[in-house]
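Just so it is clear, none of the values below were taken in a lab; they were calculated from the coordinates. Since this is a predicted model, take the numbers as computed values, not measurements. Cβ: placed from backbone, ideal geometry, glycine included. Neighbour counts: every protein chain shown.
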Amino acid sequence: MTYQQTIAKMNETIASNGAPWDAIDAEAAARMQIQNRFPTGLDIARYTAKIMRDDMKAYDNDPANYTQSLGCWHGFIAQQKMISIKKHFGSTKRRYLYLSGWMVAALRSEFGPLPDQSMHEKTSVPALIEELYTFLKQADARELGGLFRELDAAKEASDAVNIHRLQRKIEEHQTHVVPIIADIDAGFGNAEATYLLAKKMIEAGACALQIENQVSDEKQCGHQDGKVTVPHEDFHQKIRAIRYAFLELGVPDGIIVARTDSLGAGLTKQIAYTTEEGDLGDQYNAFLDCEEVSPEDMKNGDVFLSREGKLLRPKRLPSNLFQFREGTGEDRCVLDGITSLQAGADLLWIETEKPHIGQIGGMVKRIREVIPNAKLVYNNSPSFNWTLNFRQQVFDAWKEEGRDLTNYDRARLMDAEYDETELAAEADARIQTFQADAAREAGIFHHLITLPTYHTAALSTDNLAKRYFGDEGMLGYVKNVQREEIRQGIACVKHQNMAGSDIGDDHKEYFAGEAALKAGGADNTMNQFEAA
């Protein structure tokens, strides 16, 4: 619908309600409607799910069409990220948001900072999704509000060409609302608990939910020790629960990301149920670290398995957990991936201990032998020491090529003394192309960084504190923050506008007419930044 058609339809609605609505301005009401394109979270979930589905098809046609996101722990961070993307690239295409359970635990829990062990309030996750989209919708309203003001100025100047241009710009406005891949951890309980939480997350706007195959009450961060996985059928129940939630709420395109932590998980809490040799439970149990025993070896409290006519005793720890055989992680990841897709997941997530295309690609190749269009979401984690990992990868490659490495100590490659070396330059080049290379060679559809804004907030705050409380004083803020905001065209240098002051002024004028007491007058100090 065009801008003028929207106004005309609003005029009809107002007229049909008679004299009591005479004071309502059709164009003002139409503008408010345009500024609120997504009235509910379900509207957002349906819209963004289609975007992801289309992007997945585009990736299948050409792996260069991979997608990216950054983790956000506050609505303002999400808002500024999308404003920045539109400013620098002109489009939000193939750029998403990621909501990290780690950051919710560390930054948003009422208990205070917590480790990534599903101890935070599960309601804080849908609450953050809603917050992220509230800020993104406000970014739409702010940008459109600016266009409306330009349109009013063009009308006042009787500038027909500019009026037409601005109306087209309003009609073609690209929203800041993009898909969110949201972390539901291990489901916060059984399948019913997973279903209930999934509904809340979808109702808040999430079109993609990521769930991991760890035990809910033993859940650990994917890059820490002590991870405990569950048998496949337990995990598949939760995948199905999420699908039911999507279908119940009318979001059939909803995306399920099945994450396996098996590569770094050496433990399981339970032995899988099995009825015949070779079934899924039997395949899971086959990875257990067992010793063959005879009846006379039985001890009080022992647990035994029967396989191929043999009596086997799984290794059980004092924690009552069972241990997998060493070296089975990749095989378990492959089985996890295949069976998760067969159970209804749409994308896979393999949590690794390092960013290595060969390792990831090797597992994906095996999965694709069964599921040809298998695709991954990959965690480009700050838990990896990217500099050291890639310098070591280059060192190892050069060593295999027979190059002279006498000037390098592999164990000390992180040292700053190597920063200007040829090896460091090659490592940085590989880091720069890692995402594109992994999308092409390892089946990665979506690259995300889980905790980037956690680290940028800490780094920028440290730099500001060092300068402001040190010798630079106020110059530490002015030179390194405000002046840079102005030079780089950072929109929130006009922070009153960013917080919605101009939107509020528009509403005051709509509601009160000439009696409106507006904030954006001549005495508003934000006017000092007009030239910026």
What FRET efficiency do you get for ALA160 and MET526 if R0 is 30 Å and r is their Cβ-Cβ distance, rounded to the nearest 0.05? 0.45
Tell me, what HN-Hα J-couplings in whole Hz come from the Karplus equation 6.51 cos²θ - 1.76 cosθ + 1.60 at θ = phi - 60° for each residue of the range 71-88, using x for Gly and Pro? x, 10, 10, 8, x, 5, 4, 4, 4, 5, 4, 6, 4, 5, 4, 5, 5, 8
Could you give the length gained by full extension between ALA64 and SER109, i.e. 0.36 nm per residue of separation minus their alpha carbon distance, to one decimal place? 12.4 nm
Suppose each label sits 7 Å from its Cα in the direction of the beta carbon; what would the GLU192-LEU311 distance come out to in nanometres? 3.9 nm
Need the full-extension length gain, GLU330 to MET119, defined as separation in residues times 0.36 nm minus the C-alpha distance. One decimal, nm. 73.1 nm
Mind sorting LEU423, LEU335 by how few other Cβ atoms lie within 10 Å of their own Cβ, fewest first? LEU423, LEU335
Output the pairs from LYS87/LYS466; LYS81/LYS200; LYS86/LYS137; LYS57/LYS200; LYS57/LYS86; LYS238/LYS365 with a Cα-Cα distance over 19 Å in this structure; if there are none, say none. LYS87/LYS466; LYS81/LYS200; LYS57/LYS200; LYS57/LYS86; LYS238/LYS365
Estimated FRET transfer efficiency when R0 is 25 angstrom, pair GLU441-GLU369 (beta carbons, to 0.05): 0.95
Can you sort CYS207, CYS290 by how many other beta carbons sit within 10 Å, fewest first? CYS290, CYS207
So what does log10 I(q)/I(0) come out to for the range 257-378 at q = 0.13, 0.15, 0.23 Å⁻¹, using the Debye formula with one equal point on every Cα and no solvent? -0.59, -0.74, -1.33
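Once the cut-off is 26 Å, how many percent of the Cα-Cα pairs in the range 370-507 end up in the long-distance tail?
On the way: 5150 of 9453 pairs.
Beyond 26 Å sits 54 percent of the P(r) for the range 370-507.
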In degrees, nearest 10, range 0 to 90: what is the angle between the Cα axis of helix 357-368 and the longest Cα principal axis of the chain? 80 degrees
Counting only residues 5 or more apart in sequence or on a different chain, those whose built amide H sits under 5 Å from that of LEU305 are LEU312, ARG313
Arranged by the count of other C-beta atoms within 10 angstrom, fewest first, what order do LYS57, LYS238, LYS375 take? LYS57, LYS375, LYS238
For the range 249-264, 3J(HN,Hα) per residue [Karplus equation, 6.51 cos²θ - 1.76 cosθ + 1.60, θ = phi - 60°, Hz, x = Gly/Pro]: 8, x, 10, x, 7, x, 9, 10, 9, 9, 9, 10, 9, 5, 4, x
How big is the gap, in Å, between the Cα center of the range 73-100 and the Cα center of the range 312-388? 29 Å
Summing -39500 (n - 2.57) over every DSSP H run of at least 4 in the chain, dividing by its residue total and rounding to the nearest 500, the 222 nm mean residue ellipticity is -15000 deg cm²/dmol
On C-alpha positions alone, give me the angle between the axis of helix 501-512 and the longest principal axis of the chain, in degrees, nearest 10. 50 degrees
What is the spread of the Cα atoms of the range 470-512 along each of their three principal axes, largest first, in whole Å? 50, 20, 9
Globularity ratio of the chain, using Cα Rg and 2.2 N^0.38 Å: 1.16
Could you pull out the pairs from LYS50/LYS199; LYS50/LYS375; LYS494/LYS518; LYS9/LYS50 whose alpha carbons sit more than 23 Å apart here? LYS9/LYS50
Here the gain from full extension of ASP415 to THR134, 0.36 nm per residue of separation minus their alpha-carbon distance, amounts to 96.8 nm
Most packed first (mean Cβ within 10 Å per residue), the peptides 70-79, 305-314 order as 70-79, 305-314
Tilt relative to the chain, helix 160-171 - C-alpha long axis, 0 to 90 degrees, to 10: 30 degrees
Under the Karplus relation with 6.51, -1.76 and 1.60 and θ = phi - 60°, whole-Hz ³J(HN,Hα) for the range 448-464, x at Gly and Pro, equal 9, 10, 5, 10, x, 6, 4, 6, 5, 5, 5, 5, 5, 5, 4, 5, 5
With R₀ set to 25 angstrom, the calculated FRET efficiency between the beta-carbons of ALA512 and LEU464, to the nearest 0.05, is 0.05
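If packing is taken as the mean number of other Cβ atoms within 10 Å per residue, what is the order of 434-446, 482-494, 12-24, highest first?
Result, highest mean first: 434-446, 482-494, 12-24.
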